[in-house]
Structure formats: C-alpha cells, structure tokens
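Bear in mind these aren't lab numbers, they're just calculated from the coordinates by the rules spelled out. In this text the structure is predicted, and so the values were computed from the model without any measurement. Here Cβ is always computed from backbone atoms with ideal geometry, including for glycine, and neighbour counts include all displayed protein chains.
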Amino acid sequence: MLTMILFIRTELCRFSGAKIYPGRGIRFVRGDSQVFLFVNSKCKRYFHNKLRPAKLCWTAVYRKQHKKDISAEAVKKRRRATKKPYSRSIVGATLEVIQKKRAEKPEVRDAAREAALREIKERIKKTKDEKRAKKAEVVAKTSKGVGKGAPKGGAAKGPKLGGGGGKR
C-alpha cells in the first residue's frame with residue numbers, strides 16, 4: 001500500500017501572524033515592491049491604518065511579548081552550548097611561550113619589566129649624551145673660525161630687497 005504525505009504550503013499573515021492556506025488571504029504589493037500577505041481584510045485595514053500588532057491582544061506578536069501560549073514555546077527552547085575556553089598561539093608568540101608567561105609569578109614578571117625599562121632609559125640617556133657632545137664640538141669649531149674683526153652676524157649685510165609684508 002502506497003501512502004502519500006500531502007504537504008500544504010502555508011504562509012504567515014504579516015499583521016496577525018496567523019497561517020494563510022492556499023487560496024486564502026489578501027496580497028498587497030507596496031510601491032517599493034515589498035509583498036505583504038494578510039489573512040483577511042481586518043488585518044489589511046489595521047496594517048494600512050498603521051496600528052501596531054503588539055498592542056492588539058489577538059495577534060501572535062502580542063501573545064509572544066506577553067508570554068501567552070508558553071506550552072508551545074517550551075518545546076522549541078534548547079540549551080545553548082557553553083563555549084569552552086580555548087588557547088591558541090598569536091602572531092609573534094607561540095602557545096608554549098604564552099603558557100610559560102602565564103605560569104610565571106607576578107614578582108618575576110615585574111622584575112623583568114623593570115629591567116627592560118631600565119635598559120631602555122639607559123639607551124635613551126646614552127643617545128642624549130652623544131648628541132650633547134656633538135653639539136658642543138660644533139659650537140667649539142664655529143667659535144674658533146670667527147675672528148674679532150668680523151661683525152656679529154657673520155658677513156656684512158646689504159640693503160633689504162623685496163617689498164613683502166607692507167600694507168596694500
């Protein structure tokens with residue numbers, strides 16, 4: 001004996017949330033080509049009058065918001081799988097290095113950080129000292145090159161040329 005399972009394609013009303021069986025309902029196509037299906041003219045009228053379905057107690061949206069019909073929803077509820085903490089390597093550091101750093105004591109970590117900071121400060125101080133020494137050399141050379149007879153500004157200046165900066 002051959003048994004056939006008949007599958008009826010039902011759609012949902014955009015206002016009430018009720019099932020619409022084939023051959024029933026009202027189809028409305030808005031100017032932006034969006035299609036709305038309504039179970040009856042009552043739903044269509046309320047939709048066009050911009051009533052909110054959440055405020056009408058007979059709609060599916062209202063029932064869902066006010067936790068009516070909980071028995072049907074209890075079946076659908078499933079527990080969400082909890083995420084387990086997962087460790088993986090990051091660019092520039094392998095998993096072993098990360099785990100080693102995590103395992104080391106805070107005192108050791110602080111000591112390493114302080115040593116690194118001290119080393120950086122010493123390097124900065126050394127570069128500053130080198131710059132000061134170079135600057136002192138340059139100043140010493142320029143002071144030797146300038147004689148007593150020359151004017152303070154270096155070479156004698158002629159008259160200023162160009163007429164920029166005045167009122168127009």
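Close amide H contacts of I20 (hydrogens built in the peptide plane, cut-off under 5 Å, sequence separation of 5 or more or a different chain): E11, L12, C13.
Packing around the peptides 102-113, 40-51, taken as the average count of other Cβ atoms within 10 Å per residue, puts them in this order, highest first: 40-51, 102-113. Per-residue 3J(HN,Hα) values for the stretch 115-121, derived from phi via the Karplus relation 6.51 cos²θ - 1.76 cosθ + 1.60 with θ = phi - 60°, read 4, 5, 5, 4, 5, 5, 4 Hz in sequence order (x marks Gly and Pro).
For the listed peptides 26-39, 127-140, a ranking on the average number of other beta carbons within 10 Å per residue, highest first, reads 26-39, 127-140.
Converting phi to 3J(HN,Hα) with the Karplus coefficients 6.51, -1.76 and 1.60 and the offset θ = phi - 60°, the stretch 63-68 yields 4, 5, 5, 9, 6, 8 Hz in sequence order, with x at every glycine or proline.
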